[in-house]
């Protein structure tokens with residue numbers, strides 16, 4: 001493996017590119033995936049912000065293409081910024097078709113697959129939208145290098161009261177609920193997707209692994225704090241740094257690569273003056289042995305890693321143990337019960353069939 005750190009601007013410390021690659025040439029199809037992730041400045045809250053963020057996506061897609069990456073992944077709600085105000089939502093939310101129209105030329109121009117999180121609306125923002133029937137989702141679109149749609153994923157596990165007020169849970173009452181955690185192929189490698197908080201649900205990574213995922217991509221918006229410019233107050237919490245815990249565990253327990261892609265430093269509204277949040281900048285790529293391949297500091301950074309499944313031996317002596325073969329699903333029924341009791345405090349939890357109600 002080649003490990004390298006490159007400063008893009010010798011007279012300025014940032015941004016940087018960190019690599020863990022097997023050679024100058026990327027893995028050939030079906031043997032591996034050269035994965036690129038980007039964390040850096042994103043503007044927030046309106047169409048001007050979207051224009052800026054698209055320009056940034058184009059710039060870093062070009063840089064990733066020069067690195068011969070097969071795919072570039074960016075952070076949660078990259079296209080519009082994460083900490084948007086309630087009144088921003090309908091302006092920045094776009095349909096899947098509009099997202100493809102914006103992003104696909106960048107994929108085609110750079111011959112690279114793109115995973116881009118965005119605010120999705122079920123009705124068009126062009127002309128007179130049907131506001132009464134408009135539904136909003138925290139979504140991610142994955143396009144192949146030729147600009148074709150591989151998958152659109154709507155976040156299923158929303159974090160906190162603000163997300164639950166802003167967005168609907170995805171994949172509710174689907175005709176094919178199993179499609180929520182389906183995998184797709186990029187360069188012949190099977191890829192699964194989760195969104196931020198979902199990294200902390202071990203069931204989801206295991207489902208993706210059982211569906212054949214070799215790489216799980218997890219955009220996030222893990223923050224130090226968010227700023228409410230209307231009340232002039234900062235939140236009193238910091239999001240836990242799961243890059244050293246859940247991401248490592250998900251990779252090891254499922255014998256796959258796991259990438260966590262965050263924003264970094266400060267996020268402003270499109271005026272460039274009003275701050276909306278400060279982020280942990282803890283993007284990382286972990287290998288199937290639970291070892292960190294490359295990890296960012298809280299600065300503008302691109303990570304590059306060659307994810308080659310056959311380069312890693314079994315986690316246990318070969319032939320002795322296998323996480324998937326040794327499972328006992330006959331004992332797992334409690335995981336899908338719609339009513340459970342917490343034995344620690346006796347609380348009964350009833351899960352609704354429709355979490356959006």
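The values are calculated or read from the model by the stated rules, or taken from the named source; none is laboratory data. Remember, it's a predicted structure, so these values are computed and weren't measured experimentally. Virtual Cβ from ideal backbone geometry, glycine too; neighbours counted across all protein chains shown.
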Requested in this report: Scan segment 57-78 residue by residue and report those that are within 21 Å of residue 94 (Cβ to Cβ) and surrounded by 18 or more Cβ atoms within 10 Å (Cβ to Cβ).
Outcome: 57, 60, 61, 72, 73, 74, 75, 76, 77, 78
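Looking only at segment 225-245, count how many residues are outside any strand (DSSP E or B), surrounded by fewer than 20 Cβ atoms within 10 Å (Cβ to Cβ) and modelled with pLDDT of 75 or more. Show your work before the answer.
Step one: filter segment 225-245 for residues outside any strand (DSSP E or B), giving 229-232, 235-245.
Narrowing the set further to residues that are surrounded by fewer than 20 Cβ atoms within 10 Å (Cβ to Cβ) leaves 229-232, 235-238, 240-241, 244-245.
Now narrow it down to the ones that are modelled with pLDDT of 75 or more: 231-232, 235, 237-238, 240-241, 244-245.
The qualifying residues number 9.
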Report task. For segment 269-300, enumerate the residues that are under 21 Å from residue 24 (Cα atoms) and surrounded by fewer than 23 Cβ atoms within 10 Å (Cβ to Cβ). Result -> 292, 295
Query raised in the report: Which is under 22 Å from residue 197 (Cβ atoms) and in contact with a helix residue (DSSP H, G or I) (Cβ under 7 Å, 6 or more places away or on another chain), of 356, 282, 298?
Result: 282
Requested in this report: Would you check which residues across segment 156-184 are outside any helix (DSSP H, G or I), free of Cβ contacts under 8 Å to residues at least 60 places away in the same chain and out of contact with any strand residue (DSSP E or B) (no Cβ under 8 Å at 6 or more places or on another chain) and list them?
Outcome: 156, 157, 159, 174, 175, 176
**Report entry** Of all residues in segment 301-311 being within 24 Å of the chain's Cα centre (by Cα) and closer than 14 Å to residue 33 by Cβ, the one that is surrounded by the fewest Cβ atoms within 10 Å (Cβ to Cβ)
**Finding:** 309
